[in-house]
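The values are calculated or read from the model by the stated rules, or taken from the named source; none is laboratory data. No experiment lies behind these values; they were computed from the predicted model shown. Here the Cβ is made from the backbone with ideal geometry for all residues, glycine too, and neighbour counts use every protein chain on show. These area figures cover heavy atoms from the full protein model, side chains too; ligands, DNA and RNA do not enter into them. Shrake-Rupley method; radii C 1.70, N 1.55, O 1.52, S 1.80 Å.
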Amino acid sequence: MSELRDLLADVAARVADYRESVADAPVFPDDTSGVRGKLGELPEKPTPPADVIRRLADAVEPALVATTGPRYFGFVTGGALEAATAADMLTAGWDQGAFNQVTSPAAAIVEEVAGEWLKDVLGLPSGASFGFVTGGQGANTVCLAAARHHVLARAGWDVERRGLHGAPPLTVVAGEERHATIDRSLRLLGLGTDSVRPVRTNGQGAIDVADLERTLDGPAIVCLQAGNVNTGAFDDFAAATEIAHERGAWVHVDGAFGLWAAATPALGHLTAGVEAADSWAVDGHKWLNVPYDSGYAFCAHPESHVAAMSLTAAYLTGQGAGDVRAPGDFVPESSRRARGFATWAALSELGRSGAAELVERCCALARRFAGQLAKSEGVTIVNDVVLNQVLVSFGEDTDKVIEAVQRSGECWMGATTWRGRRLMRISVSNWTTTEADVDRGVAAIQAALGSVAGNTTRKN
């Protein structure tokens, strides 16, 4: 065990060294061509663990993307909090199977506590059930599975027993700018993308409530959005949910990152009425800054949640026994990582006020990005910056500017196409990002814009 102790100490030191240096490292690696060669061929004989780890780290560290650093602004990616990082290392060391209290009472209890804390922070109903999944895709799939069960059961159909062949038609009503994971969930659940009736959206990508009312008919699931993936816009939850429930529809909220706005009273107007929905999906590895992979599915109808997800087998014990919930009853996986440890650690480190401050600060930094870039000639801020998303146009040079910024290593922002326009998409969601990092990012963008403009002038 002394060798294991030394090995883990070395790993911890490597992790600490990396995290201490990531703020000043290039945000994207310059050259990854040597990684495969350094990894080598499959050894014929066993290799000492210390040599394995040394070889792995030496090979891949030059190819790491600084997503944990303060100037990574792509894909709404958070950087893992210190306590959450350490808890995740403990999770790997403890190696618990988080199926139920028999496989790991510790994992089951911590997940139960963390789930209750999450509902508190997000302003969700105290009686809602929850499942810890891999991310927004998993959360949307779990919630829509519960919705499928619930809506078809009300129509007299047991979908878990009878499947979908011969089932009453089930319509999914969703905005034109829904996230792509909704469509993939529908494919995975056998509902198919042809089941979607698209609802028109307004100028910022939120649904047109009047068009929602026109679209609803028959057994239906309505998918709303907390935080448009491009603009950050929010649907009108109060009005849309009232209409949907009057028609007997289930309301699901895809809140991958935007639902975290509910963590702060300063942004409470954005999520007003969201608690009246039937299910909610949200990521942990985005704004909660928990290590990958972490997401949460919540359901206001626990019985439908369990009916869609639970399983039984003769060899399994512990399901429904005692006073500790069985985490495996609420997710698709039986063999599952104990994600509750890192989530509990993140919420403990932040506290209620820290979670609110994190969200508010990121939104303020997004506004700082937009305000400074808007002063530059040839730059247009396309969206209303209501959250942490900024869409930027550089006209015909947009893709060239984005590529130049990415090559610089100063920061990293992705590109998107929104309503026919190529745009830079800036997402601010890392707990370490400061005003100085934003200013450095703005300077990198302005330098790239100047370089692109200069090249164009010389060519002309």
Legend entry - Euclidean distance of C-alpha centroids, segment 256-322 and segment 1-28, integer Å: 32
Legend entry - Hits among lysines - C-alpha to C-alpha of Lys286 under 18 Å, sequence gap 8 or more where chains match: Lys119
Inset, instruction - Grab the Cα-Cα distance for Tyr292 and Ile109, subtract it from 0.36 nm times how many residues apart they are, and report the gain in nm with one decimal. - result: 63.8 nm
Inset, instruction - Would you tell me the accessible area of Ile53, worked out with a 1.4 angstrom probe on the heavy atoms of the protein chains, in Å² to the nearest 10? - result: 50
Inset, instruction - Please give, to one decimal in nm, the separation of the simple spin-label points placed at Glu333 and Ala415, each 7 Å out from Cα toward the Cβ. - result: 3.4
Inset, instruction - Find the centroid of the Cα atoms in segment 73-134 and in segment 150-165, then give the distance between the two in whole Å. - result: 31
Inset, instruction - Give the ranking of His269, His149, His179, His165 by solvent-accessible surface, highest area first, calculated with a 1.4 Å probe. - result: His165, His269, His179, His149
Inset, instruction - State, to one decimal in nm, how far the label point of Lys375 lies from the label point of Ala153, with both points 7 Å from Cα in the Cβ direction. - result: 5.8
Legend entry - Unit charges on C-beta of K, R, D, E only; dipole of segment 58-118, Debye: 200
Legend entry - For segment 218-326: accessible area per residue (Å², 1.4 Å): 32
Legend entry - Computed over the chain: relative contact order in percent, which uses C-alpha pairs under 8 Å that are six or more apart: 22
Inset, instruction - Return the loop-located chymotrypsin sites (Phe, Trp or Tyr not before Pro) in segment 374-460 (DSSP other than H, G, I, E, B) with at most 16 other Cβ atoms within 10 Å of their own Cβ; answer none if there are none. - result: none
Inset, instruction - Provide the FRET efficiency to the nearest 0.05 for the Asn202-Asn455 pair, computing r from the beta carbons and using R0 = 35 Å. - result: 0.40
Legend entry - Virtual spin-label span in nm between Ala180 and Glu303, 7 Å along Cα→Cβ: 3.9
Legend entry - Length-normalised contact order for segment 40-172 - Cα pairs under 8 Å, 6+ apart - percent: 7
Legend entry - Farthest positive-ward along the chain dipole, Cα basis, beta-carbon charges - from Ala314, Ala436, Ala263: Ala436
Inset, instruction - Compare His301, His252 by solvent-accessible area with a 1.4 Å probe and give them largest first, with all protein chains kept in place. - result: His301, His252
Legend entry - About the Cα centre, charge dipole magnitude for the chain (Lys/Arg +1, Asp/Glu -1 at Cβ), debye: 860
Legend entry - Exposure ranking of Lys286, Lys119, Lys38 by accessible area [1.4 Å probe, largest first]: Lys38, Lys286, Lys119
Inset, instruction - Any chance you could get the radius of gyration and Dmax over the Cα atoms of segment 256-350, in Å? - result: 15.5, 51
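Less than 13 Å Cβ to Cβ from Arg154, Lys/Arg counted +1 and Asp/Glu -1: what total charge do the surrounding residues give?
So the surrounding residues net to -1.
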Inset, instruction - Pull out a ≥ b ≥ c, the square roots of the eigenvalues of the alpha-carbon gyration tensor of the chain, then state rounded if a/c is under 1.5, prolate if not and a/b is larger than b/c, and oblate in the remaining case. - result: oblate
Inset, instruction - At most 13 other Cβ atoms within 10 Å and a DSSP loop assignment: could you name the trypsin sites (Lys or Arg not before Pro) in segment 323-403 that fit? - result: Lys375
Inset, instruction - Can you find, among Gly190, Gly218, Gln204, the residue farthest towards the positive end of the dipole of segment 173-230? Put +1 on the C-beta of Lys and Arg, -1 on that of Asp and Glu. - result: Gly190
Legend entry - Accessible-area value, Trp94, 1.4 Å probe, nucleic acids and ligands omitted, Å²: 130
Inset, instruction - Return the whole-Å distance between the Cα centroid of segment 167-211 and the Cα centroid of segment 398-426. - result: 28
Inset, instruction - Please give the solvent-accessible surface of Tyr72 in Å², to the nearest 10, using a probe radius of 1.4 Å with every protein chain present. - result: 20
